[in-house]
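Only one structure is covered here, and it is reproduced in the block below.
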Amino acid sequence: MRRCSTDIRSRLAPFPRRTNQAGLLTKLQTMSISPREKLAAIDDELRNLKEREGNKHVKKVIKAKGICLADCKPYGGDLRDVLKRKGKTLNRDVAKGFKHVKKCLVTI
């Protein structure tokens with residue numbers, strides 16, 4: 001299981017910890033870090049959510065938010081349409097390297 005590097009944690013530290021993923025996604029959109037580091041941060045947040053709320057809740061959150069892994073924006077139910085129209089895709093092998101992020105993958 002991959003985790004956020006300490007460098008990423010130190011960059012995210014100035015931001016207050018929130019219980020929802022919208023705060024994390026907003027932070028990741030504004031930061032200039034590599035896509036792998038963004039995926040590691042999302043994976044870490046989903047892992048924490050799973051530990052707090054359980055796997056069923058994580059699946060509901062992922063489906064409801066419709067997180068685009070390429071730009072870290074929540075699109076909700078419109079995610080597939082956005083991926084088809086704008087071509088915001090990510091190599092699936094990269095995403096499958098993260099245990100919890102791979103649950104965010106959708107077929108287009």
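Within the bounds of segment 74-95, is there any residue that is in contact (Cβ under 8 Å) with a residue 24 or more places away in the chain, open to solvent by less than 50 Å² (accessible area, probe 1.4 Å) and not in a helix (DSSP H, G or I)? Among the residues of segment 74-95, not one is in contact (Cβ under 8 Å) with a residue 24 or more places away in the chain, open to solvent by less than 50 Å² (accessible area, probe 1.4 Å) and not in a helix (DSSP H, G or I), which makes the answer no. Within the set Arg11, Arg36, Arg3, the sole residue that is closer than 19 Å to Phe98 by Cβ, at pLDDT below 70 and part of a helix (DSSP H, G or I) turns out to be Arg11.
Of all residues assigned to segment 44-56, none qualifies as being open to solvent by less than 20 Å² (accessible area, probe 1.4 Å) and either under 14 Å from Ile108 (Cβ atoms) or in contact with a Phe, Trp or Tyr (Cβ under 7 Å, 6 or more places away or on another chain) (or both).
The values are calculated or read from the model by the stated rules, or taken from the named source; none is laboratory data. From a predicted model like this one, the values you see are computed outputs, not experimental measurements. Backbone-built Cβ (ideal geometry, glycine too); neighbour counts: all protein chains shown. Ligands, DNA and RNA are excluded from the accessible area calculation, which covers all protein heavy atoms including side chains. Shrake-Rupley method; radii C 1.70, N 1.55, O 1.52, S 1.80 Å.
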